[in-house]
Amino acid sequence: MSRTDHHDRRQPQPYRPYRWPKKPDGHSGGIWFGGDYNPDQWPEQVWAEDVALMKRAGVTMVTLGIFSWARLEPSDGVWDFGWLDRVVALLGEAGIAVDMASATATAPYWLYQAHPEVLPVEADGTLVHPGTRQSWRPTSPVFRRYALRLCRVMGEHFCDNPTVVAWHVGNEYGWNNAADYSQDALQAFQGWCRRRYGNIEELNQAWGNDFWSQRLQNFDQVPLPEHAGVRDAFINPALRLDFRRFCSDALMDFYCAERDQLQELTPDKPLTTNFMVSTDQCVLDYERWSHQVDFVANDHYFAHGPGHLDELLCSDSLVDAYAQGHPWCLMEHSTSAVNWRNFNASKRQGELIRDALAHVAMGADAVNFFQWRQSAFGAEAFHSAMIPHAGPDSAIYAQVADLGSILRTLSSSGLAGTQLEPSSIALLFDADCQWSMADSTLPDCSLDHWQQVYIWYQALLDAGYRADVMPLKGQWERYDVVVLPALILLDQKQADRLRDYVSGGGRLVVDFASGIMDDHMHVGLGGYPAVLRDLTGIDSQEMIALGTSDQGGGSILVSEGIEGRIWVNEPLRVEDSVRVLARYQGRRSYDLDMAGKPAVTIHGYGQGCVLYLGTGFTKESLVSVINRIVPSDFLTGAAGAGLHNGCDGDPRLVHLIRSGPQGRYHFYFNRGSTVVRDVSTMGEALVIQRALRCGGGGLSGNRYTIEVHGVVVTRQ
Ligand code: GAL
């Protein structure tokens, strides 16, 4: 890894100054609109038609060259930029800006053949062969040399080109090479451990190496968590977790080297790379990565089903937090189906435009799709695009063009540059915690921190509240309520922050399984929830995994219609100052000797208070807990206002506001499965999609009937 070491995990990481792509004439591009453009998959005659259709659809920016290395460098050191220059010129003449890729995401075959030593290795020692993308190891000095040479040539070539307004470094780092077990990785990991721990004894302590004779004498003995036989799962969990951290850092180090090479040659062009905060894809520690980009960019792909919008908002909320409230770029999403799930559902009527507007509402100032023209061949031939196989005379292209015109309206109303107004409830997410749960040495393998964040997010929406998702290491102190959704790892520093927060008047929710281990997966002793015992006023002696009925287990009853699952903490001592809000009951609770024991409690601490949930709830049960068990002023504050979703607490709607000196922009979404009538809005309408004005006017605003997947955007 490079000696620049922007990655010393013990030091606070500064953010790079925020820089957003500007139009070639130096003006703001409004809300950028476009997508990945792969002209190298098409004969040159198609390009002019592409550009004309882009103009017609209102496209303002495309990303070029992500997978073009083999075309740009057809053999070692031989360059061919002619075709790319012609595409850039065509786009430039049409006033369409380019987000130019470093083109390093996938190397050409000649490089892999000449240097098979750049190929990653899997945990069982299997070599990863080329044939897909990202078949390279980030720690390979050979690969780095080739990739940085390409960055240099790209930078030199496009430094003075005004059409190129931003750099797209790599692409979705970690998509295919998140973990590599090669000799290069081993050496880099040993160096990473040396820098992190300083001396081997510290590492021995941190990893608990006295367990199963794993004590190391020096850093050259540090192993990778390679395949270790049938009982692979029992590899040291602390080693595994550090390896995940290292893998994220190794890719980040590689990205930073590429970024720095490009920046040296083109200091005026902002640089970014696309994150993958989306459904279940928290591959890298994006909190750390967010310090290394000029503006945050994310790819989000929809998960078909009724919760799709909620999931989008939940993912985007975390992205907005990574962006520190600055506008961010939706680098990829799909016009309709993807091609990489087992079943690839199409988007339903209205979802294409609704999804794009939801991303805008959540803070995106750039709306991009993968990809411009649907491929006719290759692994993504059945992935939707802005122009489908049928061509421009199609419903999808028509909707894309509608979206272009909506975004133009929003741009000219001054929306770009405004910020999403925060809510007052923060749900904390932490990549370390997520990774630790992939370890099958925990009491229940179904534990999933990110899934629990989402359950909370959705349950709060269902109960009429909106929350923000914040990184654990972020600045969440300004929130009235902070929730730890099954946040199993908590180091002393973060626990102290929580203690200060509650002492100062904050309201904290400690969800089941939170705070049990430190950042090296050492269990806090003396009872659960370890570092949070004083805050909760609870001391639990055992945790009981509940399992599912298939596993011979089942849920535990808390109250009519409210059931706990996954696990339950068995309280040993409960301080007198704790108020019990609900107790376990029912047959299962007798079986487990839990009957009558506290399930949900509240505890005053300093100026604030702590709500404790001793078991995991499904989304439905959590809604009931919020509505029926949690004191009404816990979420809303003593004043009883300000925290609701904004539509009179109507859970069928989501109300989001972006604001700035230009004004306040209100977004009203129907998140339900039925029409919502008589929605009162504020301000004058800018966009009405699948909605009808049904009354009102004047200062009090208008009322609308909003259909399923409908949205109304107003300006106040
Ligand atoms: C992303 C990737 C794109 C495309 C897309 C399809 O992971 O960056 O190149 O493959 O998925 O959904």
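The values are calculated or read from the model by the stated rules, or taken from the named source; none is laboratory data. Bear in mind the structure is a predicted one, so any value in this text is a computation, not a measurement. Cβ: placed from backbone, ideal geometry, glycine included. Neighbour counts: every protein chain shown. In case anyone asks, the SASA skips ligands and DNA or RNA and just uses the protein heavy atoms, side chains included. Shrake-Rupley method; radii C 1.70, N 1.55, O 1.52, S 1.80 Å.
Computed over protein heavy atoms with a 1.4 Å probe, the accessible surface of the range 345-409 works out to 32 Å² per residue. If the Kirkwood radius is taken over C-alpha pairs of the range 468-600, then at 20 °C and 1.002 mPa s the Stokes-Einstein diffusion coefficient equals 136 µm²/s.
Of the trypsin sites (Lys or Arg not before Pro) in the range 84-168, not one is in a loop by DSSP (not H, G, I, E or B) with at most 12 other beta carbons within 10 Å. For the range 1-102, the alpha carbon convex hull comes to 158 Å³ per residue, rounded to a whole number. Loop-located chymotrypsin sites (Phe, Trp or Tyr not before Pro) in the range 315-351 (DSSP state not H, G, I, E or B) with no more than 14 neighbouring Cβ atoms inside 10 Å: 340, 343. Using only Cα coordinates, the Kirkwood hydrodynamic radius of the range 512-660 works out to 16.8 Å. Using the 1.4 Å probe convention, the accessible area of the range 114-244 works out to 44 Å² per residue with neighbouring protein chains retained. Remark: the residue 221-residue 44 segment gains 58.2 nm on full extension, using 0.36 nm per residue and subtracting the alpha carbon distance. Using the Cβ-Cβ distance between residue 680 and residue 142 with R0 set to 60 Å, the FRET efficiency works out to roughly 0.40. For a straight C-alpha distance cut-off of 20 angstrom, the aspartates and glutamates reachable from residue 493 (same-chain residues fewer than eight places away being disregarded) are 8, 202, 242, 285, 287, 430, 432, 477, 511, 518, 519, 534. Out of the GluC sites (Glu not before Pro) in the range 555-619, which ones are loop residues according to DSSP with at most 11 other C-beta atoms within 10 Å? Here the sparse-neighbourhood loop sites are 560. Here's the picture: charge each Lys and Arg Cβ at +1 and each Asp and Glu Cβ at -1 in the range 268-379, and of 338, 357, 279 the one pushed furthest to the positive end of that dipole is 338. This model, with +1 at the C-beta of Lys and Arg and -1 at the C-beta of Asp and Glu, gives the range 1-157 a dipole about its Cα centre of some 680 debye.
Binning the alpha carbon pair distances of the range 273-355 at 10 angstrom intervals from zero yields the distribution 18, 51, 26, 6, expressed in whole percent. Split the accessible area of the range 117-225 by element, probe 1.4 Å, and carbon with sulfur accounts for 49%. Counting only the Cα atoms, the range 336-480 fills a convex hull of 178 Å³ per residue.
Computed with the Debye formula from one identical point scatterer per Cα of the range 233-277, without solvent, the log10 of I(q)/I(0) at q = 0.14, 0.27 Å⁻¹ comes to -0.50, -0.96. Normalised Debye scattering of the range 499-558 at q = 0.23, 0.28, 0.30, 0.31 Å⁻¹ gives log10 I(q)/I(0) of -1.00, -1.15, -1.21, -1.24, counting only Cα atoms as equal scatterers and leaving out solvent.
Each label point was placed 7 Å from the Cα along the Cα-to-Cβ direction; for residue 419 and residue 124 their separation is 5.0 nm. Between residue 89 and residue 176, the C-beta separation translates, for a Förster distance of 41 Å, into a calculated FRET efficiency of about 0.80.
So how much slack lies between residue 280 and residue 390, counting 0.36 nm per residue of separation and subtracting their Cα-Cα distance, in nm? Mind dumping the intermediate values first?
Numbers: separation 110, 0.36 × 110 = 39.60 nm, distance 3.17 nm.
Once the chain is fully extended between residue 280 and residue 390, it gains 36.4 nm.
Ellipsoid fit via the Cα gyration tensor, the chain: semi-axes of 42, 35, 21 Å, each the root of five times an eigenvalue, largest first. The charge dipole of the chain, taken about its Cα centre with unit charges on the Cβ atoms of Lys, Arg (+1), Asp and Glu (-1) only, comes to about 1340 debye. With every protein chain in place and a 1.4 angstrom probe, the accessible-area ranking of 692, 91, largest first, reads 692, 91. Applying 0.36 nm per residue to the separation of residue 81 and residue 440 and subtracting their alpha-carbon distance, the gain on full extension is 124.3 nm.
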